[in-house]
Amino acid sequence: MTTSAITLIVAIVGLAATFMPWVHFPKGNTDLYGYVGDGLITGFVFILVGILSGIEIFKHKQIVVFKIINAILGLLMLIAGISKIYEIEFEKTNFESDNPFIGAAFAGFTQGSGLYILVFAGLGVMLFSLSGLYAAIKDSSSSSESKWPLYIPLILITLMAGVLFFNYSGIKFSGIPTKESMEQTFKNDIEKMGQCLIDRDFDCFIEYNHPMIVQSYGTKQKMKDILNQALRAYKDQKGAYKNIKFVNIVQTEQQGNNIQSIINQDVTIKTPTGDITEEQKVLAISDDNGATWHYINLSGMTKERLLKFYPAFNPKLNF
């Protein structure tokens, strides 16, 4: 099978991505499909790739200019797909709406399968077009001197793809954080976060919470109001928070740049009859290989409930 035929098949797969989910909303179990937005553009591009590949198949020849165009279009689709994945990754951890109902309904949204198919198809079109371009140049009857200009687009597209890979791959030359460094980070963060809660500095406290917690409340103001009410009720029933400190790391799991740890914290409560200490479990999450961390208190939480607003929870963790 020629590279033109393979490129045509991959283009059809890319076109199919237009009709697949690009965003998934787990709370409502609904999807946003590609054709609702940018998928119309990517679908048109893959149709163009298919037409150019079809012409090559019909003429039984590899046309250099068509290979160059398809390779560029494949690279653009690859960039579009990866950019969309990262855009949603950013939005889902920073999404906030003034409407608490919208905020709660959209909480935990994540990338759909269509985006990954788009990336696969863009990569496939680019690679097979470059392969066909190289073969067409190599088999050309032109002299070696006249062939060299044809290698320029091949080299440039390959270099651009390489830059894209290193830009988005998340490759880091810094190693995985050690247990000691994580313990120090957790100790500092837990103590600061606890003091913010004790002082009722809710803006400070929320900064340490995972953004999806805020999404589940709808808005930061809604979360602050609920926290304020909860602390008042807690004080009436049990007492006031006196001190919160980190104890130890129970379990850590890593997948790519995402690191998740179950940690223990001790919460000291001041009551009329004396101080009491409760042990609580907290989920620590880093999406940048340990550079920054956010936290989710697991008190009264089950895995099923946690997955509703944090679908990326690592199933290997136990609590």
Query - Projected label distance in nm at Gln229 and Ile249, using a 7 Å step from Cα toward the beta-carbon - result: 3.8
Query - Along each principal axis, Cα extent of segment 1-47, largest first, Å - result: 45, 19, 8
Query - Exposure rank, largest accessible area first [Glu56, Glu279; 1.4 Å] - result: Glu279, Glu56
Query raised in the report: Which distance in Å, rounded to a whole number, links the C-alpha centroids of segment 175-207 and segment 2-60?
Result: 45
Query raised in the report: How do His210, His60 rank by accessible surface area computed with a 1.4 Å probe, from largest to smallest?
Result: His60, His210
Query raised in the report: Excluding ligands and nucleic acids, what accessible area in Å² is computed for Lys270 using a 1.4 Å probe, to the nearest 10?
Result: 130
Query raised in the report: Rank Thr252, Thr271 by accessible area, highest first, at a 1.4 Å probe radius?
Result: Thr252, Thr271
Query - Simple spin-label estimate for Ile155 and Thr302 in nanometres, 7 Å along Cα-Cβ - result: 6.3
Requested in this report: Calculate, in nm to one decimal, what Ile176 and Ile12 gain on full extension: separation in residues at 0.36 nm each, minus their alpha carbon distance.
Outcome: 55.0 nm
Query - Exceeding the 28 Å Cα-Cα cut-off - candidates Lys179/Lys245; Lys187/Lys235; Lys179/Lys238; Lys192/Lys222; Lys224/Lys316 - result: Lys179/Lys238; Lys224/Lys316
Query raised in the report: With r defined as the distance between the Cβ atoms of Thr30 and Leu76 and R0 fixed at 41 Å, what FRET efficiency is calculated, to the nearest 0.05?
Result: 0.90
**Report entry** Spin-label model distance (nm) - Leu40 vs Asp275, 7 Å beyond Cα toward Cβ
**Finding:** 6.4
Report summary line: Taking every alpha carbon pair in segment 175-282 and sorting the distances into 10 angstrom bins from 0 up to the bin holding the longest one, the percent per bin comes out as 13, 39, 35, 12, 1
Query raised in the report: Given Cα pairs under 8 Å that are at least 6 residues apart, what percent is the relative contact order of segment 1-71?
Result: 36
Query raised in the report: For segment 1-92, which semi-axes, largest first and in whole Å, follow from the square roots of 5 times the eigenvalues of its Cα gyration tensor?
Result: 30, 13, 9
Requested in this report: For Val250, list long-range residues whose amide hydrogen, built 1.01 Å from N in the peptide plane, is under 5 Å from its own amide hydrogen.
Outcome: Ile262, Ile263, Asn264
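The values are calculated or read from the model by the stated rules, or taken from the named source; none is laboratory data. Small disclaimer: the values here were computed from a predicted structure and weren't measured. Cβ atoms come from the backbone with ideal geometry, glycine included; neighbour counts cover every protein chain shown. Just the protein is used for accessible areas: all its heavy atoms, side chains included, with ligands, DNA and RNA removed. Shrake-Rupley method; radii C 1.70, N 1.55, O 1.52, S 1.80 Å.
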